[in-house]
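First comes the structure, then the notes that go with it.
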Amino acid sequence: MTEMEKVKNFYHDKHKQTREERAASPLFHVRKFNNFIKSLLISSALNGDPSTASLRVLDLCGGTGGDFPKFQHCTRVKKVILVDLSPGSVKEAERRYVEARRKTFEAEFHCGNAFDFAEMHRLITGETRFDLINCQFAMHYAFSTPDHVDELFKILAHFLKPGGKFVATVPDAEFILDQVGEEGKVLSRPPFFEIEFSGSDRHQYTFSMGEVVNGVPEFLVRRDQVEKSAKKWGFEINHWTPFQKYFSEAMKDPDHYALATKMQCLIPAENGSSVDPGAWSCAQLYVAIELEKVK
């Protein structure tokens, strides 16, 4: 069984939590924090150029469509295409869209490997190009080998318009390697997450995060590797920002502070509001990325 098949099987068989189960989970505030970061990342990319009246979004590894409400906040988004490896997730995403009371854009749903160029070309026919490609907490699955990284950038270069943007959130390779050390194998923050390397390999690891992910193979996304591929395929890195820094910068804007409160990213504290300590600790694990197609 390949690593991608292991990922597919995990997400296909994964138990879909109820709202009550999510609220009772130790990861409740982690989810709220991550959701806020994703909202800002997506909103910033979509609202950067107001001259385009109709925007198209490609949601890679879009799962059950959790980011669809974020696309709705930009009224210029008129078409969203979601691609995910899990048949169950795609089916659930389509169900949610069909049953939604408010629809501001057309949507398509496809089951397939979002990191395989030939398959993506088969799924998305015609000359469709996108203003934004969104890939949240999944880009690292494409980094198993240099050839697979090249395949991802080939997809981005083909499907993005000139000036189009790619946004992603991935584990911070620099932080992980620094915390594990040269001889270490495990980075653990119970009850939140655990990363375990096998032997001397410092590229592939297994990742667990409560009920969200359990022993799934993942791969480090190193910035120098992304910079090399970006240069080759005509992209610039607009930012590569650790979650904690991204959040701290955002809090300088009163509107973002209000949004964080509304999204339950901030919780009441003695001296105002603050981020849940567990969520803040987990925030060290990730970086927010925006690439722009310049050629």
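Name the single residue that is nearest to LYS154 (Cα to Cα) among those in region 229-275 being basic (Lys, Arg) and without any contact (Cβ under 8 Å) to a residue 40 or more places away in the chain. Please lay out each step first, then the result.
Initial filter on region 229-275 (basic (Lys, Arg)): 231-232, 245, 252, 262.
Keeping just the survivors that are without any contact (Cβ under 8 Å) to a residue 40 or more places away in the chain gives 231, 245, 252, 262.
Details: LYS231: 12, LYS245: 30, LYS252: 37, LYS262: 38 Å.
Looking at the filtered set, the residue picked out is LYS231.
When GLU92 is tested against (1) of a type in the set (D, E, K, R); (2) buried (at least 17 other Cβ atoms within 10 Å of the Cβ); (3) assigned to a strand (DSSP E or B), exactly one condition is not met: (3).
Taking region 246-270 as the range and being surrounded by 14 or more Cβ atoms within 10 Å (Cβ to Cβ) and among the small types (Gly, Ala, Ser) as the test, the residues that pass are ALA250, ALA260. The residue list PHE115, PHE36 contains one member that is surrounded by 15 or more Cβ atoms within 10 Å (Cβ to Cβ), within 27 Å of VAL149 (Cα to Cα), in contact (Cβ under 8 Å) with a residue 12 or more places away in the chain and of a type in the set (Phe, Trp, Tyr), which is PHE115.
Pairing each residue of region 183-212 that is acidic (Asp, Glu) with any residue that is at pLDDT below 90, provided the two are 6+ apart or on different chains, yields C-beta distances under 7 Å for GLU196/LYS185; GLU211/GLN17; GLU211/SER25. Among the residues of region 214-232, at least one is more than 30 Å from THR52 (Cβ to Cβ) and touching a Leu at 6+ places or on another chain (Cβ under 8 Å).
Annotation: of all residues in region 211-234 being small (Gly, Ala, Ser) and surrounded by 15 or more Cβ atoms within 10 Å (Cβ to Cβ), the one that is nearest to SER144 (Cα to Cα) is SER229.
Of a type in the set (A, V, I, L, M), touching a strand residue (DSSP E or B) at 6+ places or on another chain (Cβ under 9 Å) and modelled with pLDDT under 95 - does that describe any residue in region 162-185? Working first, answer last.
In the first step, residues of region 162-185 are kept if they are of a type in the set (A, V, I, L, M); the result is 167-168, 170, 173, 176-177, 180.
Keeping just the survivors that are touching a strand residue (DSSP E or B) at 6+ places or on another chain (Cβ under 9 Å) gives 167-168, 170, 173, 176, 180.
In the following step, the residues that additionally are modelled with pLDDT under 95 were identified as 180.
Yes, because at least one residue in region 162-185 is of a type in the set (A, V, I, L, M), touching a strand residue (DSSP E or B) at 6+ places or on another chain (Cβ under 9 Å) and modelled with pLDDT under 95.
Suppose we filter VAL275, VAL287, VAL294 for residues that are crowded, with 20+ Cβ neighbours inside 10 Å and within 21 Å of LYS165 (Cα to Cα); which single one remains? Being crowded, with 20+ Cβ neighbours inside 10 Å and within 21 Å of LYS165 (Cα to Cα) holds for just one of VAL275, VAL287, VAL294, which is VAL287. Looking at region 215-235, can you tell me whether even one residue there is among the aromatic types (Phe, Trp, Tyr) and within 25 Å of ASP178 (Cβ to Cβ)? Looking for residues that are among the aromatic types (Phe, Trp, Tyr) and within 25 Å of ASP178 (Cβ to Cβ), one finds at least one in region 215-235, hence yes. Restricting region 155-201 to residues that are among the polar types (S, T, N, Q) and closer than 24 Å to TRP240 by Cβ leaves a set whose member that is surrounded by the most Cβ atoms within 10 Å (Cβ to Cβ) is THR169. The set of residues in region 121-153 being surrounded by fewer than 17 Cβ atoms within 10 Å (Cβ to Cβ) and either touching a Ser or Thr at 6+ places or on another chain (Cβ under 7 Å) or of a type in the set (Lys, Arg) (or both) consists of ARG122, ARG129, ASP150.
The values are calculated or read from the model by the stated rules, or taken from the named source; none is laboratory data. Keep in mind the model is a prediction, meaning the values are calculated, not measured. Using ideal geometry, Cβ is built from the backbone for each residue, glycine included, and neighbour counts are taken over all protein chains shown.
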